[in-house]
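Working notes for the structure below.
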Amino acid sequence: MNEEVFNASLRKFLKTLGVGAQREIEKAVRQALADGRLKGNEKLPTNATITIAALGFTQEVNGTIELE
């Protein structure tokens with residue numbers, strides 16, 4: 001295994017995941033605010049799961065997104 005290729009590929013995946021997820025979450029929150037489903041002061045329990053089926057690997061991350 002080439003460590004440099006592996007690390008670069010992993011960083012690229014995580015950057016794409018982070019940027020894409022942030023964009024979609026921001027869009028969903030703004031839409032929920034516009035629709036009146038959120039007031040703007042919520043704390044939103046959040047979880048994400050990353051799975052690599054070929055490895056039998058699953059990692060879950062839990063947190064909270066605060067709007068105020």
In the full protein assembly as shown, how much of residue 49 is accessible to a 1.4 Å probe, in Å² to the nearest 10?
80 Å²
Intensity falloff of region 1-64 expressed as log10 I(q)/I(0), Debye formula with alpha-carbon point scatterers, at q = 0.29 Å⁻¹:
-1.26
Can you tell me the relative contact order of the chain? Whole percent, Cα pairs under 8 Å, sequence separation 6 or more.
24 percent
Regression test value, accessible area per residue of the chain, probe 1.4 Å, units Å², expected 87 Å²
Between the residues 17, 59, 5, the Cα farthest towards the positive end of the dipole of the chain, that dipole coming from +1 and -1 charges on the beta-carbon of Lys, Arg, Asp and Glu, is from 17
Let me know the charge dipole size of the chain about its Cα centre in debye, to the nearest 20, where only the beta-carbon of Lys, Arg (+1) and Asp, Glu (-1) is charged.
200 debye
Could you work out how much longer the chain between residue 23 and residue 43 gets when fully extended? Use 0.36 nm per residue separation minus the Cα distance between them, nm to one decimal.
5.4 nm
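The values are calculated or read from the model by the stated rules, or taken from the named source; none is laboratory data. Everything numeric in this text was worked out from a predicted model, so none of it was measured. All Cβ positions, even for glycine, are placed from backbone atoms using ideal geometry, and neighbour counts span all protein chains on display. All accessible areas refer to the heavy atoms of the entire protein, side chains included, with ligands and DNA or RNA removed. Shrake-Rupley method; radii C 1.70, N 1.55, O 1.52, S 1.80 Å.
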